[in-house]
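The values are calculated or read from the model by the stated rules, or taken from the named source; none is laboratory data. Quick caveat: nothing in here was measured; it's all calculated off a predicted structure. Here the Cβ is made from the backbone with ideal geometry for all residues, glycine too, and neighbour counts use every protein chain on show.
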Amino acid sequence: MQSFIKRVLFSVMLVLSSVAAHSLETEKYYDNGVLQFKYSYRNGKLHGITEERYETGELKAEFEYRAGNLVAKREFHRNGDLKYALKLEGTKKLETRRKYYPTGELFREWTLVNGKTEGLEIDYYRSGQKKAERQYENGKRHGSAKGFHINGKVQGDWIFERGEPVFATLFYSTGGKWLVHKDFDSKGRLNGSSKEYDKEGNLMAIRYYVKNEMVKRRRINPWLRWWFLLWD
């Protein structure tokens, strides 16, 4: 039994020594002594997590390698906020991007698949309140897109198809409907009529557009509102 245990222990030691021989970590430092890079290798190739730091010590970036191939990456601002993230899944290149105001607050975040914006893109006010959200498909706006007043109420509610608007409702900051646009041409331009409402929700005027330019505004007599509302 003792000889068997010795053989097992010897085998384990051989495996561990083999792993140690094939695994390696190297470090690089700034002139001020702060760690700049930390590399991990296996069988002579980058493998595992590699770190990069600012000269003042904050994490600047993380890289994940498998057998010498980059599979993930994250970049950070000095305050720790995520700046950029990359993940490779088979033939897919998934990227998360963030932009910030000059004062440091998050302004926008979005995702790219193989270099094209995909899914939800969100903008923020400096306060952190959501400013806008847009759906993308294959790099083009497709589906819902909304803007928000600073008080959180919807400012505009749009529908896009393959990058062009097809319907839009704009709202007062109090929440009431203001403008309804339905007549968009194939290039996404307003060409036709739109309805304008007052803050009490009454139809107030008809606006006429040519290539996004309002060419006429016809105020509606209260006694005739019922006629125009039939076509809502």
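Numbers for the structure displayed
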item: Test: residue in region 39-61 that is within 23 Å of A132 (Cβ to Cβ) and either hydrophobic (A, V, I, L, M, F, W, C) or more than 24 Å from the chain's Cα centre (by Cα) (or both); result: no
item: Set K130, K140, K177: member being of a type in the set (D, E, K, R) and more than 25 Å from E95 (Cβ to Cβ); result: K177
item: Residue count, region 66-77 (criterion: surrounded by 12 or more Cβ atoms within 10 Å (Cβ to Cβ) and out of contact with any strand residue (DSSP E or B) (no Cβ under 7 Å at 6 or more places or on another chain)); result: 1
item: Positions within region 156-168 being surrounded by fewer than 18 Cβ atoms within 10 Å (Cβ to Cβ) and either assigned to a strand (DSSP E or B) or in contact with a Gly (Cβ under 8 Å, 6 or more places away or on another chain) (or both), in sequence order; result: G156, D157, I159, E161, G163, E164, P165, V166, F167
item: Looking only at region 51-67, and only at residues there that are more than 14 Å from L86 (Cα to Cα) and either in a strand (DSSP E or B) or of a type in the set (A, V, I, L, M) (or both), the one that is modelled with the lowest pLDDT; result: A67
item: Conditions (1) surrounded by fewer than 15 Cβ atoms within 10 Å (Cβ to Cβ); (2) among the charged types (D, E, K, R); (3) within 13 Å of the chain's Cα centre (by Cα); number of the one not met by R134; result: (1)
item: Selection status of K187, of a type in the set (K, R), in a strand (DSSP E or B) and closer than 26 Å to R134 by Cα; result: no
item: Subset of region 146-155 (residues that are out of contact with any Gly (no Cβ under 8 Å at 6 or more places or on another chain) and among the hydrophobic types (A, V, I, L, M, F, W, C)); result: F148, I150
item: Verdict on Y30 being under 36 Å from the mean Cα position of the chain (by Cα), at pLDDT 90 or above, within 30 Å of I122 (Cα to Cα) and surrounded by 13 or more Cβ atoms within 10 Å (Cβ to Cβ); result: no
item: Residue count for region 86-144, restricted to those that are part of a loop (DSSP other than H, G, I, E, B) and over 21 Å from E161 (Cβ atoms); result: 14
item: Residue in region 39-50 that is of a type outside the set (A, V, I, L, M), at pLDDT 90 or above and either part of a strand (DSSP E or B) or touching a His at 6+ places or on another chain (Cβ under 8 Å) (or both) present; result: no
item: Qualifying residue in region 90-105 (condition: within 14 Å of the chain's Cα centre (by Cα), among the hydrophobic types (A, V, I, L, M, F, W, C) and closer than 30 Å to L170 by Cβ); result: no
item: Residue within region 197-207 that is of a type in the set (S, T, N, Q), surrounded by 16 or more Cβ atoms within 10 Å (Cβ to Cβ) and in contact with a Lys or Arg (Cβ under 9 Å, 6 or more places away or on another chain) present; result: no
item: Residues located in region 215-232, provided they are closer than 16 Å to Y197 by Cβ and either modelled with pLDDT of 70 or more or surrounded by 12 or more Cβ atoms within 10 Å (Cβ to Cβ) (or both); result: R217, R218, R219, I220, N221, P222, R225, F228, L229
item: Residues satisfying the stated conditions in region 62-94, i.e. of a type in the set (D, E) and free of Cβ contacts under 8 Å to residues at least 12 places away in the same chain; result: E89
item: Checking N151 against (1) touching a residue at least 12 places away in the same chain (Cβ under 8 Å); (2) part of a strand (DSSP E or B), the condition it does not meet; result: (2)
